[in-house]
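What follows is one structure encoded as structure tokens, with my remarks underneath.
The values are calculated or read from the model by the stated rules, or taken from the named source; none is laboratory data. Everything numeric in this text was worked out from a predicted model, so none of it was measured. Here the Cβ is made from the backbone with ideal geometry for all residues, glycine too, and neighbour counts use every protein chain on show. Surface accessibility is based on the protein's heavy atoms, side chains included, excluding ligands, DNA and RNA. Shrake-Rupley method; radii C 1.70, N 1.55, O 1.52, S 1.80 Å.
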Amino acid sequence: AGDAARRGCAEWCKAEKAPNHCRFCKCAGCAFCSGVATTVGGDGASAGKRKAQGAFRHSALPWPHRRSSRATSASCSARVGTVPFVMWMPGRTGSTWVQEALNSHPEVTMLGEVFNNGTSHDGFTQAMCRFYGAPAGRRVRRARGFKQKFFQCNADLKEKLCEYERQPWAQRALESCLRPASTPPPPGMAPDAGWNVTTRSFSVFTAVGARVICSLRRSSLDRALSKAVQVSFFKKCGVSNAVTAAERACLERMKAEGVRVSVEYVLDVMRQAEMAAAYNAAICEAQARVSPVFYLWYEDLLAQPDRVFEELQRFIGVEPRPLRSTAQRIVSKGAASWTAKGG
């Protein structure tokens with residue numbers, strides 16, 4: 001019934017994340033989901049089925065997986081001499097650019113969104129603990145972290161955003177975000193991508209003393225335009241970010257042809273982005289009262305990348321050096337340069 005029963009191919013479904021996205025009803029109809037397991041197996045499910053259906057894939061991580069560890073967030077600790085960090089981010093704030101750049105530093109390992117999803121099993125937090133506790137070496141360097149859609153705030157984000165919009169002065173944003181989701185996933189469905197992952201992750205961040213980078217964007221209109229163009233880019237090129245040479249070439253072909261976006265769609269995304277941006281900033285402000293937080297504003301990164309990257313490197317405890325990234329912006333100009341046309 002309702003959204004949970006709708007089977008289609010939503011705009012956010014990604015072929016490169018098929019093992020995860022294909023377990024959602026709204027991605028099940030995508031062509032790339034053919035043959036991908038989408039149901040939850042019982043206790044006797046095979047390892048292969050769990051990998052296909054599961055929210056977390058150990059094979060995506062750059063260190064050996066050992067099931068003998070029973071680490072919990074309470075017993076989690078960072079490896080002595082290392083610097084744990086995490087980037088909290090919504091979409092379209094330049095996180096891929098930053099990830100690529102930081103990984104060009106010989107002392108930094110920054111993973112992508114490998115910890116966006118999780119189940120109720122301990123394996124999710126155990127894998128985080130192993131990452132932060134791994135010895136420094138070729139696979140995991142001294143300063144180590146990853147980017148995460150922390151601001152999903154478990155599985156009831158819309159409800160929390162509505163509460164915050166009604167009474168922002170009365171809400172404790174971080175406490176609200178960390179509150180476990182009030183409604184479990186429908187029976188027979190895999191856990192939602194945000195199903196209490198935020199709460200479980202935060203316990204690990206606290207235990208290891210991770211430094212928090214808040215990736216934010218001031219302009220809700222520019223973010224909405226970026227999201228609209230990203231939808232077109234994915235439809236044409238099959239990816240959400242232009243990193244490889246082939247992806248950048250596809251982006252240039254799309255730019256040459258031009259992109260038409262729906263004004264109604266942009267305005268709807270902008271309204272949502274404005275409310276979410278205020279909530280996200282309040283979450284970061286609450287965290288900044290108890291631990292160091294680096295505010296990584298997208299607009300500042302565009303205006304003065306050298307200065308921002310130097311400050312960011314110092315924040316995660318490495319000697320600043322010139323960084324490089326192959327990631328290319330899919331929207332190179334702000335809202336002021338767009339032209340509205342009828343028809």
Ala210 among the small types (Gly, Ala, Ser) and modelled with pLDDT of 95 or more
yes
What residue, among those in region 148-161 that are open to solvent by less than 20 Å² (accessible area, probe 1.4 Å) and in contact with a Gly (Cβ under 9 Å, 6 or more places away or on another chain), is farthest from Trp88 (Cα to Cα)?
Asp156
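Tell me yes or no: at least one residue of region 140-147 is β-branched (Val, Ile, Thr) and farther than 22 Å from Phe315 by Cα.
No - not one qualifying residue is present in region 140-147.
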Every residue from region 218-260 that is open to solvent by 50 Å² or more (accessible area, probe 1.4 Å) and among the small types (Gly, Ala, Ser):
Ala245, Ala246, Ala256
So Leu323 fits all but one of (1) more than 16 Å from Gly94 (Cα to Cα); (2) part of a loop (DSSP other than H, G, I, E, B); (3) modelled with pLDDT of 90 or more; what number is the exception?
(1)
Given (1) hydroxyl-bearing (Ser, Thr, Tyr); (2) open to solvent by less than 50 Å² (accessible area, probe 1.4 Å); (3) at pLDDT 90 or above, identify the lone condition not met by Tyr164.
(3)
Which is over 20 Å from the mean Cα position of the chain (by Cα) and either modelled with pLDDT of 90 or more or open to solvent by 40 Å² or more (accessible area, probe 1.4 Å) (or both), of Gly145, Gly188?
Gly188
Being assigned to a loop (DSSP other than H, G, I, E, B), within 30 Å of Glu299 (Cα to Cα) and at pLDDT 95 or above narrows it down to one residue among Pro106, Pro84, Pro90; which is it?
Pro106
Per the list (1) among the small types (Gly, Ala, Ser); (2) open to solvent by less than 10 Å² (accessible area, probe 1.4 Å); (3) in contact with a strand residue (DSSP E or B) (Cβ under 9 Å, 6 or more places away or on another chain), residue check on Ala136 breaks on (2)
Are any of the residues in region 205-217 more than 25 Å from Leu111 (Cα to Cα), in a loop (DSSP other than H, G, I, E, B) and open to solvent by 30 Å² or more (accessible area, probe 1.4 Å)?
no
For region 220-267, what are the residues that are farther than 17 Å from Trp97 by Cα and assigned to a loop (DSSP other than H, G, I, E, B)?
Gly238, Gly258, Val259, Arg260, Val261, Ser262
Which condition from (1) open to solvent by less than 30 Å² (accessible area, probe 1.4 Å); (2) under 30 Å from Glu163 (Cα atoms) is the one that Met270 breaks?
(1)
